[in-house]
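Novice: I have a structure here, written as structure tokens, and I will follow up with some questions on it.
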Amino acid sequence: MRETRLYHRRVIPSHVQPWDRCDPRRLRRVRGVLTDIDDTLTTDGTLTMGAVAAIAALRAAGLPVIAVTGRPMGWSVPVVETTTLSAVVAENGAVALRADEDDGVAIEYFQDEAVRVANAARLREVAACILAEVPAATLARDSAGRVTDIAIDHAEFAHLDGAAIAKVVALMREAGMNATVSSIHINGWFGDHTKLTGARWIVQRLLGRDLDAERADWVCVGDSTNDEPMFAAFPLSVGVANIVDFADRLARWPGYVTTLDRGRGFVEVAEALLAARSR
Ligand SMILES: [Mg+2]
């Protein structure tokens, strides 16, 4: 643990505080949690028992936990079905899924059907261009569940070096796409939506509340460059410890960093929120 702390002190900017120093009086006012999934809730690709219990404990304490991820709609359906997450915003803000008493899982899209149909052909064209121009690139294995974006695997089952990642991002942007890099994939999509606009949308749809008016009272948790719009928007933004893996690529750091990594870091966030409320 001591070595971890020393390492963190070297690579984490000095304005980023250790999470355990966050004032409990601020944490007591928190009204909800927005969290990334991969390498934030999950450890080695699995939602751990600790993370599942942390989500349930937060919810039992009256705090909605909403996951905001670059993962696809199809991948997110069983996540909604098997956890107590209040909702999942998938495909970087394009799709919202929540448990529904009548339908099982209710799914809503940010873009209307005509736009999605028109974009589908363009998405296929850009994907084909990337696979032709970056020989090492492969589509993410979860691509079948994607509706509004394309994803190239850089660290889930494949490995792309920094130059190849940059080339893929450049090709996406040249095609007029929004592009972002998560801990495992490079995602590209047409439209201005992001994790942040998706979070705003679902808080309004699910809770009837204005997230912008409550920004100081929501915690957001993440681990990589695709969480940067969230880190920039929320004063109580937290990176799990493995965010140091992205130290040289992050333009915007979270306000706080946990001591532990991945799902264990999320548990650390939940424990502090629950402890502050029980005082
Ligand atoms: Mg992640």
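Novice: Please list, in order along segment 204-217, the HN-Hα scalar couplings obtained from phi with the Karplus expression 6.51 cos²θ - 1.76 cosθ + 1.60 (θ = phi - 60°), rounded to whole Hz, x for Gly and Pro.
Specialist: Karplus-based 3J(HN,Hα) across segment 204-217 equals 5, 5, 7, 10, x, 10, 9, 4, 4, 6, 10, 3, 5, 10 Hz.
Novice: Work out the length of the dipole vector of the chain about its Cα centre, built from +1 on the beta-carbon of each Lys and Arg and -1 on the beta-carbon of each Asp and Glu, and round it to the nearest 20 debye.
Specialist: Dipole about the Cα centre, nearest 20: 1080 debye.
Novice: Also, quick follow-up: What residue among 237, 14, 182 shows peak mean-square fluctuation when the chain is described by a Gaussian network model with Cα springs under 10 Å?
Specialist: 14
Novice: Would you look at the GNM of the chain, springs on alpha carbons closer than 10 Å, and say which of 227, 248, 38 moves the most?
Specialist: Greatest mean-square fluctuation among the candidates belongs to 248.
Novice: For segment 133-149, just list the computed ³J(HN,Hα) in residue order, Karplus coefficients 6.51, -1.76 and 1.60, θ = phi - 60°, integers in Hz, with x standing in for Gly and Pro.
Specialist: Going residue by residue, I get 8, 10, x, 7, 6, 9, 5, 4, 5, 8, 4, 4, x, 8, 10, 10, 8 Hz, with x marking Gly and Pro.
Novice: Rank these for me by crowding, 37, 186, 107, going from fewest to most other beta carbons within 10 Å.
Specialist: 107, 37, 186
Novice: According to the square roots a ≥ b ≥ c of the eigenvalues of the Cα gyration tensor, what is the shape class of the chain, taking rounded for a/c under 1.5, prolate for a/b larger than b/c otherwise, and oblate for the remainder?
Specialist: Taking the square roots of the gyration eigenvalues as a ≥ b ≥ c, the chain is oblate.
Novice: Neighbour counts of other C-beta atoms within 10 Å: give me 22, 220 arranged from fewest to most.
Specialist: 22, 220
Novice: Set Lys and Arg Cβ to +1 and Asp and Glu Cβ to -1, take the dipole of segment 114-189 about its Cα centre, and tell me which of 123, 184, 172 lies farthest positive.
Specialist: 123
Novice: Let me ask you something else. What is the local net charge at residue 235, summed over the other residues whose Cβ is closer than 9 Å to its Cβ (Lys, Arg +1; Asp, Glu -1)?
Specialist: Taking every Cβ under 9 Å from that of residue 235, the sum is +2.
Novice: Now for a separate question. As a footprinting exposure proxy, order 157, 266, 246 by other Cβ within 10 Å, with the fewest listed first.
Specialist: 157, 246, 266
Novice: While we're on this one: Hey, can you grab everything whose amide H is under 5 Å from the amide H of residue 32? Only 5+ residues off in sequence or another chain; H modelled, so Pro and N-termini drop out.
Specialist: HN-HN under 5 Å from residue 32: 219.
Novice: Using alpha carbon centroids, what distance separates segment 107-126 and segment 84-104, in Å?
Specialist: Centre-to-centre (Cα) distance: 19 Å.
Novice: Lys and Arg at +1, Asp and Glu at -1: add these up for the other residues within a Cβ distance under 10 Å of residue 146 and post the number.
Specialist: Cβ neighbours under 10 Å give a net charge of -2.
Novice: Looking at the chain as a GNM with Cα springs under 10 Å, which of 185, 154, 15 has the largest mean-square fluctuation?
Specialist: Top of the fluctuation ranking is 15.
Rule-based calculations on the coordinates, nothing more; no lab input. Bear in mind that the values here come from a model prediction, so they are computed numbers and not experimental data. Virtual Cβ from ideal backbone geometry, glycine too; neighbours counted across all protein chains shown.
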